[in-house]
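First the structure, in the form of structure tokens, and then the observations on it.
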């Protein structure tokens, strides 16, 4: 009996060891010191990984002199992620040839998937270049960039999957095939790289490297601003001068645009699309487009090579870019995936928009109908209006800042998987169809809690359209689109039309079950107004009522967008976008 017990215990130990991926190193006399070094390094690198077994598996190829270099392990993780994303791209391309001519919606979903994989590769290339060209301490200094780029890779892969319609058998088959054969693996390996970046300070200290963890500049105190115009910090001296001009009352007369758009022919172009196509490839500096008053009925995508593009108008009531693409028309599904319903889409980094209205006029019956889709990193939008119903503002990926804007809609009308801060703006909830309800936000954070994605609403006015106030339809601050959804309302005035529950679960259309309410992170801080009473709020595990000032500070611009201490410069400050880094002044 005792012998059987001993055998059972040994078996159990072996099973547990294999299950959690622990590598046991037995130090025997004469054992290869390089192997010992590798095993010690792997234990340090993978100790806080979400999937330790996969972490060991992915990084075990690091050998020789590299085994003692923490940078080599991050490089290996990035290479593995890149290889798997390439496989996903190639598979999307092959499936497009196989299925693309059978259905327009299927082709659009596959084209969208390929496009997203290309952007994912761009983000991985940025990460790989930093790791390749800089020493480990400089890599650590770019922690915020690396975490953002890797989070964006995960967001792009999620956007790829979201383009397919599960109700169409062929698309569900394609989606499952992509997921199981490429996307799932690519995502998990990307998370390994994200784990390393997220734990970088601890890893380097355990490798015996001394770190200067002091910020490059002094941190501003709560409510403090860094100059008389109320700007905080994030891009170049030229941009700073430009946006300083744009902050003056007579700014339009002082700006010299590269090109002018005018419907009456008084500019170089009569369409916005034509002006954007004029952007010279390889252009250095900020390219400025002025769009004169008029209604521009066109669909526009800013290509990724149009870096540091500024587009401004004569005010959101005068300069209007409009469209009406939607997921449904007359009760029938269209061929458009949500991503491709956008009236205006930006894919370029360093994008600035000011004094323009972006709208989608499909109405509540159109269901998914995006007015503005943005995936441009370090982008800032000031004084613009976003008008629609469902899915008005798609904050798709990367770091985004909105200030002094007006955003209106009904269902999930601010949604995406990005690091977004909307500051001092008016958010208007509109009257939906009688069988619908309203949700202001739907964050799509998924896969890992270590991503830097989520939606923060700070110092905003949450108001209702008059018709909605008179109705009995319910409105909520948001619902968790994915398992790690993260949304914070802070220092805002919330109207009494918001349901006392505050938030509502995501309902799975296939199973009919409510989801994601215990795994999300939803929080409120220092809000006022009749709708800000938290006594009747939902009792989810994922809801954090009345968070402390210390916790809320994590969602201010300085922390959430890392807007004052980045290798890419202090981007909000350099863009001269009005804002504050901490709590509202």
(request) Quick one: count up the residues across the range 111-144 that are in contact with a helix residue (DSSP H, G or I) (Cβ under 6 Å, 6 or more places away or on another chain), at pLDDT below 95 and farther than 20 Å from residue 571 by Cα. (result) 1
(message) I'm checking my understanding of the structure. Among residues of the range 380-408 that are assigned to a strand (DSSP E or B) and within 22 Å of residue 446 (Cβ to Cβ), which one is farthest from the chain's Cα centre (by Cα)?
(response) 393
(message) So residue 399 ticks every box in (1) over 15 Å from residue 571 (Cβ atoms); (2) crowded, with 24+ Cβ neighbours inside 10 Å but one. Which box is left unticked?
(response) (1)
(request) Determine whether residue 571 is over 28 Å from residue 429 (Cβ atoms) and touching a residue at least 40 places away in the same chain (Cβ under 8 Å). (result) yes
(request) Considering every residue within the range 531-538, establish whether at least one is in a loop (DSSP other than H, G, I, E, B), in contact (Cβ under 8 Å) with a residue 40 or more places away in the chain and surrounded by 15 or more Cβ atoms within 10 Å (Cβ to Cβ). (result) no
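So, residue 365, is that one surrounded by fewer than 24 Cβ atoms within 10 Å (Cβ to Cβ) and either in contact with a strand residue (DSSP E or B) (Cβ under 8 Å, 6 or more places away or on another chain) or at pLDDT 95 or above (or both) or not?
Answer is yes for this residue.
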(request) For the range 570-582, indicate whether the set of residues that are surrounded by fewer than 18 Cβ atoms within 10 Å (Cβ to Cβ) and out of contact with any helix residue (DSSP H, G or I) (no Cβ under 7 Å at 6 or more places or on another chain) is non-empty. (result) no
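Considering only the range 447-459, state which residues are touching a helix residue (DSSP H, G or I) at 6+ places or on another chain (Cβ under 6 Å) and in a loop (DSSP other than H, G, I, E, B). Full working, then the answer.
Within the range 447-459, the subset touching a helix residue (DSSP H, G or I) at 6+ places or on another chain (Cβ under 6 Å) is 447-448, 450-453, 456.
Matches in the range 447-459: 447, 448, 450, 451, 452, 453.
The rows are residues; the columns are (1) within 24 Å of residue 405 (Cβ to Cβ); (2) assigned by TED's automatic domain parsing to the domain that holds residue 404; (3) at pLDDT below 75; (4) surrounded by 13 or more Cβ atoms within 10 Å (Cβ to Cβ).
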| position | (1), (2), (3), (4) |
| --- | --- |
| 215 | no, no, yes, no |
| 230 | yes, no, yes, yes |
| 261 | yes, yes, no, yes |
| 269 | no, yes, no, yes |
| 281 | no, yes, no, no |
| 284 | no, yes, no, no |
| 314 | yes, yes, no, yes |
| 319 | yes, yes, no, yes |
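The values are calculated or read from the model by the stated rules, or taken from the named source; none is laboratory data. Worth saying up front: this structure is predicted, and the values here are computed from it rather than measured. So basically every Cβ, Gly included, is an ideal-geometry build from the backbone, and we count neighbours across all protein chains shown.
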